[in-house]
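Following: one structure in structure tokens, then a few remarks.
The values are calculated or read from the model by the stated rules, or taken from the named source; none is laboratory data. Keep in mind it's a predicted model, so treat the numbers as computed, not measured. In this analysis, Cβ positions are derived from the backbone assuming ideal geometry, glycine residues included, and neighbour counts consider all displayed protein chains.
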Amino acid sequence: MSKVRPTSIKTPILQLDQVRKVFRGDLFKSAQVALAGLSHELYPGRCSGLLGPNGAGKTTAIRLILGLVAPSSGRVLFNGRPLSTASKQFIGYMPDTSKLPGSLQVGEVLRHQLLLFASPHAASARQRQLCVEATLAAVGLSEHASKRISRLSKGMARRLAWAQATIHRPQLLILDEPASGLDPLARRAMLGWIQAEKVRGTTILLCTHELTQVTALCDDYLVLRRGELVASGTIAASTGFALHVSGLDEAGLSRLAASEELPPWRALRQDGFLVELGFVDYDGAAMWALALLRKGYVVTRFADDQRVIEEQLLSYFVGGE
Amino acid sequence: MLRALGVVTMQTFILLRRDRIFWPALGASLLISAVAALFSSWGTEDLVKMRYDFGLFGFQLSGSAVAMLWGVKMISDARQDGSMEVQLAAPVSRGVWLVGKYLGLGACILLISSLFMTVWQAMLLALGYNLMQGPQLLAFAMMVLGWMVTGALAVFFASLARAPLAIFATVSAWIAGLVSPLIGQATTHDTPLPIRLVVATITRYWDLQQFNLVDKALDPAMPSLRFILDRGLYGIILIALLISLASIICSRRDALPA
């Protein structure tokens, strides 16, 4: 397991300390270990990607952080204190699907949300109304304030979910597949809003299957598999590099790696005569480039490549390192 | 805490008011009132008693059914559509959430019962009778309290089990509460002692006929204050007990299954 701790000296906003969750079995099913001693910290202002294959324990981890399920053992700390009902005032949550009662109106949901969270920036009825109007305008739902949720399109419902998760200006924002089911334009808008929250200093936990979102938005990542944390680190430290070389195939590259004692590549793609090699660190890529040039091969490209880190993240899903 | 309670109560009230059951329930009340009035004009016996018997029986049935359906439905809907997840992710404890849900249900039952009452009074006036007086109003209020108890029962079972099982358990317990005094009276000295004890215990603590004051409704004199308080407190204690138990269970269990 690789782990790179952020260099911040700040105390974590959220701390999972040896959190274990076992769902008790019954007559029809056996007990199920959803999380097996997860320890991790989220630091203020950082965006962390929560990754893992289906059934890895991501949803359970989110539910533990939100206090919807209690850990079988271990602790969840928010700002250094055990998570309580009061501390949830500083947390925003956007679920993976629209989980709002269909017969409520769009405006009502946001007004209720402000009341529930007792937001200081919306203490009076007038302030709440203004805040609701501003939020609806920001997500493009101003004209639908009195529309029932059941009559919203999927895209509108996702925008409303974003609005209800952020209207009270949370310190920690938990996003579960925020862009799922959105068209490309709506997706771009959603990613822009997440970026804006990052700039505002909100700590974000982004649970997604889309690795492109993680590499584009996140500072850190953590990968769960079968309830265990298999990898965590910073995206910046893991930026990938790619080099293109022609005139060699995989067998030739393997022979060269053995003779020159070169580090293994992370990814290899072949397109006709052109071979693309991906590396997770600069040193590995540079050693290969020098070795290839010494042997007289033509290196046509040597550059950053986010796809490499995506390949690396994906490899954690199936057990590779 | 009060703010959270208020929001959950208000939201539940709005949801139930917009629920599909609301208008059919109101329609049923109109129908019952109309049929009760029609029967009373055909009858040859004590017309007033007949009207009250039929009307109250109809109200009792429709009101209890609505309380049971709403009680179970609002909890299971919240679980199913995920709104429970979103609300409990906010600073709302599970106990407060459940109490808020019940209060919302209670407010909606009060609304629908006041609409029932308005329709019935209007019907009486239209047929040339006097408006309902003290004993009749008391009988109606007790019946509404009975609906509240039934609603609390439904919430209790809905917090324990999924909708179909919760409905089944609620209906069974409701019927048991209605027939327990009759079964209690049917036991004799020949009945085995353990059975007599069980029946006596159920009859003593779970007797929904306490809220049925149809006989008193025809008596021009108001029942004693002690009589009213006994029944009122019995209903309130049952509600408090059921909702407290449901809140404790809800607080100790995971809000969402695996």
Just to check your reading of the model, which residue among B:M10, B:M50, B:M74 is surrounded by fewer than 19 Cβ atoms within 10 Å (Cβ to Cβ), of a type outside the set (G, A, S), at pLDDT 75 or above and in a helix (DSSP H, G or I)? B:M10
For the structure I just gave you, tell me whether B:L197 is in a helix (DSSP H, G or I) and over 26 Å from B:W147 (Cβ atoms). yes
Can you work out which of the residues in the stretch A:100-116 that are under 29 Å from the mean Cα position of the chain (by Cα), more than 17 Å from A:G155 (Cα to Cα) and of a type outside the set (A, V, I, L, M) is surrounded by the most Cβ atoms within 10 Å (Cβ to Cβ)? A:Q113
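Could you tell me whether any residue of the stretch A:52-66 is in a strand (DSSP E or B) and touching a residue at least 24 places away in the same chain (Cβ under 8 Å)? Full working, then the answer.
Let us first name the residues in the stretch A:52-66 that are in a strand (DSSP E or B), namely none.
No - not one qualifying residue is present in the stretch A:52-66.
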With in contact (Cβ under 8 Å) with a residue 40 or more places away in the chain and either outside any helix (DSSP H, G or I) or not acidic (D, E) (or both) as the only criterion, which of A:A196, A:A186, A:A216 stands out? A:A216
Exactly one condition in (1) in contact with a Gly (Cβ under 8 Å, 6 or more places away or on another chain); (2) under 23 Å from A:E311 (Cβ atoms); (3) part of a strand (DSSP E or B) is not met by A:W265; state its number. (3)
Out of curiosity, is A:V69 assigned to a loop (DSSP other than H, G, I, E, B), under 23 Å from A:R226 (Cα atoms), β-branched (V, I, T) and touching a residue at least 24 places away in the same chain (Cβ under 8 Å)? yes
Considering each of B:G82, B:G55 in turn, give the residue that is within 14 Å of another protein chain (Cβ to nearest Cβ) and either touching a Cys at 6+ places or on another chain (Cβ under 9 Å) or modelled with pLDDT under 90 (or both). B:G82
Residue among A:S119, A:S73 that alone is more than 10 Å from every other protein chain (Cβ to nearest Cβ) and closer than 24 Å to A:L35 by Cα: A:S73
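Determine which member of the set A:A134, A:A125, A:A118 is free of Cβ contacts under 8 Å to residues at least 40 places away in the same chain and more than 17 Å from A:P170 (Cβ to Cβ).
Numbers: A:A134 fails: more than 17 Å from A:P170 (Cβ to Cβ); A:A118 fails: more than 17 Å from A:P170 (Cβ to Cβ).
The conditions single out A:A125.
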For the stretch B:208-229, enumerate the residues that are without any contact (Cβ under 8 Å) to a residue 12 or more places away in the chain and closer than 30 Å to B:L5 by Cβ. B:L229
Across (1) at pLDDT 90 or above; (2) over 21 Å from the mean Cα position of the chain (by Cα), A:A145 clears everything bar (1)
What's the total number of residues in the stretch A:85-101 that are at the interface with another protein chain (Cβ under 9 Å from one of its Cβ atoms) and assigned to a loop (DSSP other than H, G, I, E, B)? 7
Would you tally the residues in the stretch B:171-202 being closer than 20 Å to B:L242 by Cα and of a type in the set (G, A, S)? 5
Looking at (1) polar (S, T, N, Q); (2) more than 27 Å from the chain's Cα centre (by Cα); (3) closer than 27 Å to A:A216 by Cα, which is the only condition A:S259 fails? (3)
Output the residue which, of all residues in the stretch B:14-47 that are surrounded by fewer than 18 Cβ atoms within 10 Å (Cβ to Cβ) and of a type in the set (D, E, K, R), is modelled with the lowest pLDDT. B:E45
Filtering the stretch A:44-54 down to residues that are surrounded by fewer than 22 Cβ atoms within 10 Å (Cβ to Cβ) and more than 13 Å from A:K198 (Cβ to Cβ) yields A:P53, A:N54
Of the conditions (1) over 20 Å from B:A28 (Cβ atoms); (2) in a helix (DSSP H, G or I); (3) at pLDDT below 80, the single one that B:A166 does not satisfy is (3)
